[in-house]
Amino acid sequence: MPLQPFTDNFADNSTESGFQFTFFCDLCQEGYKTNFIESKTYKKAGLLGGLGKALSLGATILGQSGLGSTIERGSDILTERFQGMSPEWHKEHESAFGLDQNEAKGHFHRCPKCKRWVCENDWNEQEGLCVDDAPREAVEVAAAKAEKMVEDIKEKAKGTKVFTGEIESKQTLCPQCGKPAGEGKFCNNCGATLSFVKCSKCGTKSPAGTRFCGECGARLG
């Protein structure tokens, strides 16, 4: 007999040893797994005839539209999975499914507007609707404030000067050979000293060996 679930968004995790089902929220897809119900016929000799090892179920039956046809397809899949199981086992399976549905229903709400089954996290208790149809005011206010805060921070950062240095490329030329001298104390090309002489008049530094200050023209000692 085909199973008649209260929602088509569930997985049958049953095995030859017992029965268990997972029902999923239609919004966040978080699942609630029911308590395991042990099969009373599992230990009977010759009951399974080696067919149990093929029963690795966990097949999720999902469907957001066409509920009737989805359930029918899902039932066909389960029927194929359970081929070879005894009539007693199938009766247990059907009974366990009814019990587990009653257990799972206590953890879900059916939105009267969109008709979806949602978990407690996606249910607006005050409005009696899912959070898609009736978002929680406090959550929306907090999210909007956080979004505005980020926008203000970015806008403030645009007008803030964070770099105060000079953007220019400097290169030391050797006063002896006139080639790029590198960053050491002596020229990489000719070995001449790269020390500077400070002008006693204006304080400008000039390469060693320079006779006159390039800033004020004073003679360098």
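FYI, it's all coordinate maths here, none of it is from the lab. Treat the numbers as computed from the prediction; the structure is a model and nothing was measured. We place every Cβ from the backbone using ideal geometry, glycine too, and count neighbours over all the protein chains shown.
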Query - Neighbourhood charge, 13 Å Cβ-Cβ cut-off, centred on Cys202 and excluding it, Lys, Arg +1 and Asp, Glu -1 - result: +3
Query raised in the report: In this model, which of Lys33/Lys105; Lys113/Lys148; Lys185/Lys205 are farther than 20 Å apart at the alpha-carbon?
Result: Lys113/Lys148
Query raised in the report: Mind ordering 178-191, 81-94 by average Cβ neighbours within 10 Å, highest first?
Result: 81-94, 178-191
Requested in this report: Would you mind calculating the relative contact order of the range 129-221 from Cα pairs under 8 angstrom and at least 6 residues apart, reporting the percent as a whole number?
Outcome: 13
Report summary line: Averaging 1/r across every pair of distinct alpha carbons in the range 151-211 and inverting yields a Kirkwood hydrodynamic radius, in angstrom, of 14.7
Report summary line: Kirkwood Rh for the range 81-220 from C-alpha pairs, in Å, is 24.4
Query raised in the report: Can you list the chymotrypsin sites (Phe, Trp or Tyr not before Pro) in the range 114-165 that are in a DSSP coil and have 11 or fewer other beta carbons within 10 angstrom?
Result: Phe163
Requested in this report: Just the Kirkwood number for the range 90-152, please: inverse of mean 1/r across all distinct Cα pairs, in Å, one decimal.
Outcome: 14.1
**Report entry** 12 Å beta-carbon shell around Tyr32, net charge (K/R +1, D/E -1)
**Finding:** -2
Query raised in the report: Counting Lys and Arg as +1 and Asp and Glu as -1, what is the net charge of the other residues whose Cβ lies under 15 Å from the Cβ of Asp122?
Result: -3
